[in-house]
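Colleague: First, the structure itself, so that you have it in front of you.
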Amino acid sequence: MADDYDNTDEIANLDADELRTLVLTELRAQPAFDADYLTVRVRDGKVTVSGRVGTEAELRILDHVLTDSIGLEDVENEAVVDELVRAESPEAIDEHLV
């Protein structure tokens, strides 16, 4: 389960590589989607996530992880839904939610 980061000041003090590593670690900890289909970029403190997820529900979970679990404020989620990814994901989202 992902950690909730209560102290966003600590996140603000991370350099780009540290912030990217933190985001990737949290995304890989999620069983709801396959983080291997996602790319994380950090520039001037802004996090941009792009790539593919299998369903709208997975996209919402991705948003939740970025904003609520990690606590990012300057984030852009450019991920798109691609049904072919769902067929390949390790655990289908509807099974994960059961």
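What follows draws every value from the coordinates through simple rules; no lab data is involved. Since the model is a prediction, treat every value here as computed from it, not as a measurement. Neighbour counts run over all protein chains shown; Cβ positions are idealised from the backbone, glycine included.
Colleague: Only Cα pairs under 8 Å and at least 6 apart count here; give the relative contact order of region 29-81 as a rounded whole percent.
Modeller: On the way: 67 pairs, mean separation 20.8, N = 53.
This gives 39 percent for region 29-81.
Colleague: Between beta-carbons, use under 10 Å as the cut-off and find the net charge around Gly45, counting Lys and Arg +1, Asp and Glu -1. Walk me through the numbers on the way to the answer.
Modeller: Details: positive: Arg43, Lys46; negative: Asp15, Asp44, Glu73, Asp74.
Result for the neighbourhood of Gly45: -2.
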